[in-house]
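Everything on this sheet refers to the single structure shown next.
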Amino acid sequence: MRLVVIVGLIAGFAQCSRIDGNTPQAGKVPMSRMIREVNLKADLVPRGRHGRKVVRPMKPRYITIHSTQNYSADAWQHSKALKNGALRAPKRPGGNRIGYLIWHFTVDDRVALQHLPVYEQGEHADFNGPGNRLSIGIEMCEHRGSNRSVTIERTAKLAAVLMKRHDIPLRNVVPHYHWPRRGASPPNKNCPHFLLDHGRPGKKWRWFLSRVKHHYQRLP
Ligand SMILES: [Zn+2]
């Protein structure tokens, strides 16, 4: 008897799917729903302060994925540090350009927070190189007790949303490793370390890109 009820539910679901199938966006998830799944919230650094002291326009062409290597701070704590101007970096010619670190999004297992408009350059990748001049920077949190696979999945969805919105191809979704830092040792950073194999993009990175692609293909 119970089995019949379950079968009935599945049949009902299939029926709904067929009805949805008549719409032009068959099998797709609306952008608004994926943004809700990401749990994306704006918590911008005020314009003209700290990491936004100098506003440098950008047309985003890449998405750069990082991990914080900070085992004690979640996304809200990183956002607070950015807003307080706590994340300073030595400003020097050919190095950090503004005296602060700044990036666009921080993701953890609960939320994705935006710190910087995607039309402004950050300081997260390669000093005055193309990683900073052309890419949206996403930091993944890895604080103790957080669920890494949930964080990674949320990051993959956010990357898919940004690809769709800004017409960025999958080949331009890159790890921080992709951007050599002139004068740093090693120039190519082992970041995000938990998605690299022996410090380089390999099987784990390809798996991550497959998750981004999966979510991208869910969008209309
Ligand atoms: Zn990094």
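None of the figures in this text is laboratory data; all of them are computed from the coordinates on show. Just so it is clear, the structure is predicted and the values come from calculations on it, not from any experiment. Glycine also receives a Cβ, built like all others from the backbone with ideal geometry; neighbour counts cover every protein chain displayed.
So, in the stretch 127-177, of the ones that are within 20 Å of L196 (Cβ to Cβ) and among the acidic types (D, E), which residue ends up farthest from the chain's Cα centre (by Cα)?
E142
Considering only residues that are closer than 14 Å to R49 by Cβ and not aromatic (F, W, Y), look in the stretch 85-100 and name the one that is nearest to the ligand (Cβ to nearest atom). I'd like the intermediate steps shown before the answer.
Of all residues in the stretch 85-100, those closer than 14 Å to R49 by Cβ come to 85-88, 98-100.
Now drop any that are not not aromatic (F, W, Y), which leaves 85-88, 98-99.
Numbers: G85: 20, A86: 18, L87: 13, R88: 17, I98: 17, G99: 18 Å.
Among those residues, the one meeting the criterion is L87.
Tell me which residues, restricted to the stretch 48-77, are farther than 26 Å from P169 by Cα and in contact with a Gly (Cβ under 6 Å, 6 or more places away or on another chain).
Passing the criteria: only H50.
Within the stretch 178-209, take every residue that is in a loop (DSSP other than H, G, I, E, B), within 11 Å of the ligand (Cβ to nearest atom) and not hydrophobic (A, V, I, L, M, F, W, C) and give me the one that is surrounded by the most Cβ atoms within 10 Å (Cβ to Cβ).
Looking at residues that are in a loop (DSSP other than H, G, I, E, B), within 11 Å of the ligand (Cβ to nearest atom) and not hydrophobic (A, V, I, L, M, F, W, C), I get P192.
Looking only at the stretch 89-128, filter to residues that are of a type in the set (F, W, Y) and in contact with a Gly (Cβ under 7 Å, 6 or more places away or on another chain); which one of those is farthest from H143 (Cα to Cα)?
If we filter the stretch 89-128 for residues that are of a type in the set (F, W, Y), which is where we start, we get 100, 103, 105, 119, 127.
Narrowing further to those that are in contact with a Gly (Cβ under 7 Å, 6 or more places away or on another chain): 100, 103, 127.
Numbers: Y100: 22, W103: 18, F127: 26 Å.
Only one residue tops the list, namely F127.
Does V150 fit the bill of being among the β-branched types (V, I, T), assigned to a helix (DSSP H, G or I) and surrounded by 18 or more Cβ atoms within 10 Å (Cβ to Cβ)?
Working: among the β-branched types (V, I, T): yes; assigned to a helix (DSSP H, G or I): yes; surrounded by 18 or more Cβ atoms within 10 Å (Cβ to Cβ): no.
When the stated conditions are applied, V150 does not pass them.
Filter the stretch 160-177 for residues that are more than 10 Å from the ligand (Cβ to nearest atom) and out of contact with any Phe, Trp or Tyr (no Cβ under 8 Å at 6 or more places or on another chain) and give the result.
Step one: of the stretch 160-177, the residues more than 10 Å from the ligand (Cβ to nearest atom) are 160-174.
The answer is V161, L162, R165, H166, D167, P169, R171.
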